[in-house]
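Asker: To start, I am sharing the structure in question, which I have written as structure tokens.
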Amino acid sequence: MLAELLVQAQQHHDQEATLHILESFTPKIKAFLRQVSADHRDDLKQELYVKMIEVIQTFDIRGDQKK
């Protein structure tokens, strides 16, 4: 399912697909953020989502192996 969403997000610039991917990782992110001091949670959360969006946009969906 995530693979299909990733293809949609990349090839069709589907914001809904990107949102679904981000939402699927939300429980893990929340669990991680509980380990960080409250002063830094919001900033770190924003940084994590920005980085995830960058990865979604640039991930090699073809699975090419570079040698």
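The values are calculated or read from the model by the stated rules, or taken from the named source; none is laboratory data. Keep in mind it's a predicted model, so treat the numbers as computed, not measured. FYI the Cβ positions are ideal-geometry reconstructions off the backbone, even for glycines, and counts take in every protein chain you see.
Conditions (1) modelled with pLDDT under 95; (2) outside any loop (DSSP other than H, G, I, E, B); (3) surrounded by 13 or more Cβ atoms within 10 Å (Cβ to Cβ), marked per residue:
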{"site": "21", "(1), (2), (3)": "no, yes, yes"}
{"site": "27", "(1), (2), (3)": "no, yes, no"}
{"site": "35", "(1), (2), (3)": "no, no, no"}
{"site": "44", "(1), (2), (3)": "no, yes, yes"}
{"site": "49", "(1), (2), (3)": "no, yes, yes"}
{"site": "65", "(1), (2), (3)": "yes, no, no"}
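Asker: Turning to a different aspect of this structure: So which of 31, 3, 17 ends up being part of a helix (DSSP H, G or I) and over 14 Å from the mean Cα position of the chain (by Cα)?
Answerer: Numbers: 3 fails: over 14 Å from the mean Cα position of the chain (by Cα); 17 fails: over 14 Å from the mean Cα position of the chain (by Cα).
The match here is 31.
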